[in-house]
């Protein structure tokens, strides 16, 4: 039985080179259209499954140009330039010839080098087993595709008492539901699974839409495969909210403290 | 007399729509090829000066696909999709038909809304006047196009005693040299003027190359114009160094504490 996430990113080669067909999946529906993390994963999958792929993803940028309607789409994944150890991709998702999301990715063959972690996960994070799973009731469909565990009420996005907080910081445990071993495509989706920081900061709902997102991958495929389907430790915060836009940064660590991905996005908000 | 920065981003319309010609500028030369910040500014300028431009830049992503040689280049800036208040751009810099840098930008008309700063500049930063300008001698040409002032020896990138530090954090004052009122193009360049975090962390030189950079603009043109040519407060740090790549995040504030831009990049390093 194929995991629902793999169903959601399945692509079929089309007649032209670099062109594939895919479809939105009802399990990952958002309030309007699909969960943006699925769009990220679909665009990245275009390059991951491409016969000309070199190495592993190092960076992915997705620009949400317009709404994605439920149904099929055409996805273009084309290597723009391939160097000795790096490869640059152009990515595009269209419906009826109209661009809905554009993107770019950098892939690379990685080598073992000197290294150092600089940002560390929260030291006092309770174990995943010690935190209850957040409820799915009343949330968009895609939320049911994740098990999220928030130890701090101040980090939850659905405490809607309109008592503005001085911060929008969240820490949580998260994994696919049902469990699935993490890979680059699912990590790309996870990086967009942080609820909008404005919900946390203002403790109320506001209409929002992500306009651009960049995710950086800090681990190679072998080390990533060793993580398996454990809960991952994730944190998110914003730098500023101003004139209809805010940014947010999300970090995702393995339980042992390895940083798997960092992700940055800009989000439109209505008021 | 045109400021050297304006000379460096000058573009001339070419025969086809969305196509422009530009050239590298010797004042912004790096050790090999041009300073990457100039490339960012040139790509953004493609959209800024385009007759179909809507609003102000909210986000810019630049992927450095290969080396840029000294000399002329062809720059494509094409609106991919224009909505009511947002506009998505495809950007490309080529030499002899070969892609050297690709990019994307999101522009938007911004409106006044509720807002809140969340990240704040360092509270104890000494005034710019109280810090000496960093020397230019022995540095690449582009460094002479900036006045940088580092209050902390631990944040300097050219203390090459090979005594690895536990952090790569830098705070500095920075402005164009000679002074020039900040605008979106110069802010895009400033966001790549942070020295590589690996120099700070390891306190030694390592061959590096930025592979991708995303800059988010948090201010509209009117508020940005009010900043003028003052020194800006800038901070940078990394999340992790691993397997030939590290990331770094730079933040640039006005002296009054307004966050002007946040910028994130991934950098290849050799050993």
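Laboratory data are not the source of any read-out in this text; all were calculated from the coordinates shown. Nothing here was measured: the structure is a model prediction, and the numbers come from that model. Backbone-built Cβ (ideal geometry, glycine too); neighbour counts: all protein chains shown.
General remarks:
- Inter-part distance, segment B:215-271 to segment A:140-192, computed on C-alpha centroids, equals 27 Å.
- Note on chain A: percent of Cα-Cα distances in each 10 Å bin, starting at 0 and stopping at the bin with the largest distance, equals 7, 30, 37, 21, 5, 0.
- As a size descriptor, the averaged projected area of the C-alpha convex hull of segment A:137-247 was calculated at 7.6 nm².
- Once the C-beta distance of residue A:1 and residue B:129 is scaled by a Förster radius of 51 Å, the resulting FRET efficiency is 0.15 to the nearest 0.05.
- Look at the alpha carbon pairs under 8 Å that are at least 6 residues apart: their mean separation over the length of segment A:137-205 gives a relative contact order of 45 percent.
- With Cα atoms, 0 to 90° folded angle of helix B:36-48 axis to chain B main axis: 30
- In this label model, residue A:136 and residue B:226 are separated by 4.9 nm, measuring between points 7 Å along each Cα→Cβ vector.
- Shielding by other protein chains, A:73-80, mean Cβ within 10 Å: 1
- Computed log₁₀ I(q)/I(0) - Debye formula, equal Cα scatterers, no solvent, segment B:1-150, q 0.12, 0.19, 0.21 Å⁻¹: -0.63, -1.13, -1.22
- Simple spin-label estimate for residue B:98 and residue B:120 gives 5.1 nm between the two label positions (7 Å along the Cα-to-Cβ direction from each Cα).
- Cut-off 18 Å (backbone N to label point 7 Å along Cα→Cβ of residue A:52), residues of segment A:3-24: A:12-21
- For the protein assembly as shown, the fraction of alpha-carbon pairs in successive 20 Å shells from zero, as %: 23, 60, 17, 0
- Approximate spin-label separation residue A:84-residue A:21, in nm, with each point projected 7 Å along Cα-to-Cβ: 4.2
- For the residues of B:246-254, the average number of beta carbons from a partner chain within 10 Å of their own beta carbon is 3.
- Taken residue by residue and averaged, Cβ atoms of other chains lying within 10 Å of the Cβ of B:212-219 number 6.
- Convex hull per residue volume in Å³, alpha carbons only, for segment B:107-156: 180
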